[in-house]
1. Order by neighbour count: Met166, Met21, fewest other Cβ atoms within 10 Å first, most last.
2. Restricting to Cα pairs below 8 Å that are 6+ residues apart, what does the relative contact order work out to for segment 3-168? Please round to a whole percent.
3. In the chain, how many lysine pairs have Cα atoms under 16 Å apart, counting only pairs 8 or more places apart or on different chains?
4. Using a cut-off of under 17 Å, list every residue of segment 91-119 whose amide N is near the label point 7 Å from the Cα of Ser28 along the Cα-to-beta-carbon line.
5. Indicate the helices, whole DSSP H runs only, in the chain that combine a mean Kyte-Doolittle hydropathy of -1.0 or more with a Cα extent along their long axis of 15 angstrom or more.
6. Among Leu20, Leu149, rank each residue by its count of other Cβ atoms within 10 Å, from fewest to most, as a rough exposure measure.
7. Which of rounded, prolate, oblate describes segment 1-48, given a ≥ b ≥ c as roots of the alpha-carbon gyration tensor eigenvalues and a/c under 1.5 marking rounded, otherwise prolate only if a/b is larger than b/c?
8. What is the fewest-to-most order of Val19, Val57 by other Cβ atoms lying within 10 Å of their Cβ?
Amino acid sequence: MNLQSTRLYYREFQPEDDVLMFALDSLSEVHTYLYDPVVTDIQQSRDVIAYVRSQYVANGIGRMAAFTKDTDEFIGWVGLKLQEDVNGREQFYDIGYRLMPQHWGKGYATEATLFFLEYAFNVLQADEVNAFAFPSNGASLRVLEKCGLKQVERFVYNGQESVWLMIKK
Ligand SMILES: CC(C)(COP(=O)(O)OP(=O)(O)OC[C@H]1O[C@@H](n2cnc3c(N)ncnc32)[C@H](O)[C@@H]1OP(=O)(O)O)[C@@H](O)C(=O)NCCC(=O)NCCS
């Protein structure tokens, strides 16, 4: 499958991407508004990749590694995940992203989110896509709202006040 947008391309994570995933998840600034803590051991990143890869098989979708087309640089992960048991929903497509700080502020999260919303509605035939974030994560909320998601309500996830967002096809 050829997954690409204007400046980025996307591919499934491979076990050999452990160093890239660790580079991303070991940065405290990346985790300021995340539910999961900074990783300290590369084995944790290997476990995350194994989990993501199991989702590709089970659900036909999962978070994707994102790269710049022009320099072939890893910028982080983006895309869809079939989430379960959040805010009273049994199952839903969640849109998300986590980028290396040197690539923030270039519009990459917006570009990737618009691409994967199209994918959700046109390829997966989803009726609705959701997202959730810390109310204090201004950049993330801005990306989601720029892409057409609306804030629906506040709820608590993992003990954290969170915002629930939604877009319908
Ligand atoms: C959230 C994240 C993916 C955004 O990526 P990005 O590529 O910088 O996003 P974009 O450049 O596409 O858009 C960011 C928008 O937010 C705005 N923004 C940035 N910081 C902001 C803040 N503190 N408050 C409000 N808006 C903010 C930018 O101005 C831009 O909007 P604009 O285009 O109208 O100017 C990136 O910051 C990141 O990876 N953060 C760490 C992981 C994370 O928090 N993930 C989301 C969990 S819900």
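1. Listed from fewest to most nearby Cβ atoms, that is Met166, Met21.
2. 18 percent
3. Lysine pair count for the chain: 6.
4. 101
5. 42-59, 108-122
6. If I rank by nearby Cβ atoms, fewest first, I get Leu20, Leu149.
7. oblate
8. In increasing order of surrounding Cβ atoms, one gets Val57, Val19.
We did not get these values from a lab; they are worked out from the coordinates using the rules stated. Because the structure is a prediction, the values reported are computed rather than measured. All Cβ positions, even for glycine, are placed from backbone atoms using ideal geometry, and neighbour counts span all protein chains on display.
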